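See below for the structure under consideration.
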Amino acid sequence: MTIHKAVLLEESIEALNLKEGSIVVDATLGGGGHSREILKIIGETGKLIAIDADCGAVARFKNRTEKYGAKNVILINDNFRNLENILKDLKIEKVDAILADIGYSSDQLEDPERGISFQLEAPLDMRFDQSKGLTAEKILNEYVQADLERILRDYGEEKFYKSIVKGILDKRKDKKIENTKELAEIIESHVPIKYRHGKISPSTKTFQALRIEVNKELDSLYQFISVAIGALAPHGRLAVISFHSLEDRIVKEVFRENARGCICPQDFPVCLCGNLAKLKIITRKPVMAGPDEVENNPRARSAKLRVCEKLVK
C-alpha cells in the first residue's frame, strides 16, 4: 500500500507523447502513479522498465502488477544514474520515452526508520537505498566543519549555515547526534528567533542538504540526464520533474547544452565546429502544478516539469 500521490501526473504523461507499443522507462518508480498511467497507454504490446533505488517501492509495485496480471513490466532495484548499464543488461538499445520524478516519495517521508522528515522522531538515516552508503548520522558526527558548512550552504542554500554547523559541532562534543529531534532542536536554537515560527520550518533546508549529500542526488541527476538523452530513440521524449532550484538548474542547463548546435564564435563566416543539436526543448518554461493540485497535494507546490525531444540525426 502506498500513500504517495504522483505529481503533475496528467501533464507529464501527456508530454511523453506515448503510443500503444511504446518502450518506456520510469526512472523513479516511487508509489507507481506515473507507471500505472503509462501502462494504460502502451498496452500489452508496450514495455515498461520501472526503476527505483528503494527496494520497498519495487516490491509494492511488483505485488500490484502481479495482482492485475501485467506481464510487460520489468522492475529494477537500482539507482537511476545507472540507466546505461540497466538498459545494456536488458539488451535494449533505444527507448521511446523516459520519465524521472526526482526526490523522495511520501512513503519515504513518512517512514519512521529513514529520518527524512524533521516532523518525525527517527534515526538520522536518510538513505533511499538503505542497503548501502553513508547515513546522515555519520555525516553529522564525523564530517569536519568545512564540509558541513559546504553541504548546508551549497545543497541547502541555508544562509545561517555557519551558526547551525557551530551548534552541531558543539553538540557532538558532548554526545553523538542520533535522531531527527535532536538535529531539529540544534537548528532551531541556532537561527534568529523570527525564523523559528515562519511558514517554512528552519529545519527544512538543513534536512534537504543532508539528504542530497547522503544520496549524491545532484551528481546522480546530472549523470542520469546525459545518459537518458543518449538512450532515446528519434522523436523520443524525456520528462523530468524536479522540486528545488538546484535540481531544476541542472535539468535546464543540460537540456540547453544538448539543444545547442554550432558553438563557433559569432563572427565566424561558416561553422567549423560541426556541433549538432541532439534535442529540442519542448518546455521553454517549466510546467507547474495548478491551484487544485497544490490544494490536494501540497508537495506539488514546488514541482517543475521540463521536457525535451530527441532529434533525428
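Every number in this text was worked out from the coordinates using simple rules, so none of it is lab data. Worth saying up front: this structure is predicted, and the values here are computed from it rather than measured. Reconstructed Cβ throughout: ideal geometry from the backbone, glycine too, with neighbour counts over all protein chains shown.
General remarks:
- Sorting 70-77, 45-52 by average packing, meaning the other beta carbons within 10 Å per residue, from highest down gives 45-52, 70-77.
- Fraction of alpha-carbon pairs over 13 Å apart in the range 114-160 - percent: 63
- Highest mean packing comes first when the peptides 130-137, 302-309 are listed by Cβ atoms within 10 Å, giving 302-309, 130-137.
- Cα shape, the range 175-277, gyration tensor, a/c 1.5 rule: prolate
- Contour excess over end-to-end distance, with Cα ends at residue 145 and residue 270 and 0.36 nm allotted per residue: 39.8 nm
- Checking (1) 80, 60, 33; (2) 63, 50, 44; (3) 62, 61, 40 against Cα extents along the principal axes in Å calculated from these atoms, the matching label is (3).
- Looking at the chain alone, DSSP beta bridges between its own residues are antiparallel in about 40 percent of cases.
- Remark: relative contact order (the chain) = 18 percent; criterion is Cα-Cα distance under 8 angstrom and separation of 6 or more residues.
- For the pair residue 292 and residue 249, a Förster radius of 22 Å applied to the C-beta separation gives a FRET efficiency near 0.20, rounded to the nearest 0.05.
- Descending semi-axes in Å of the range 217-270, equivalent ellipsoid built from Cα gyration tensor: 25, 16, 9
- Full-extension gain in nm, residue 222 to residue 131, via 0.36 nm per residue minus C-alpha separation: 30.5 nm
- Stokes-Einstein diffusion coefficient of the range 111-215, Kirkwood radius over Cα pairs, 37 °C, 0.692 mPa s, in µm²/s: 244
- Cα lying deepest toward the dipole's positive end in the range 111-215, options 198, 168, 131, charges on Cβ: 198
- Relative contact order, percent, the range 111-215 [alpha-carbon distance under 8 Å, six or more residues apart]: 36
- Computed over neighbours whose Cβ is under 11 Å from that of residue 81, the net charge equals -3, Lys and Arg +1, Asp and Glu -1.
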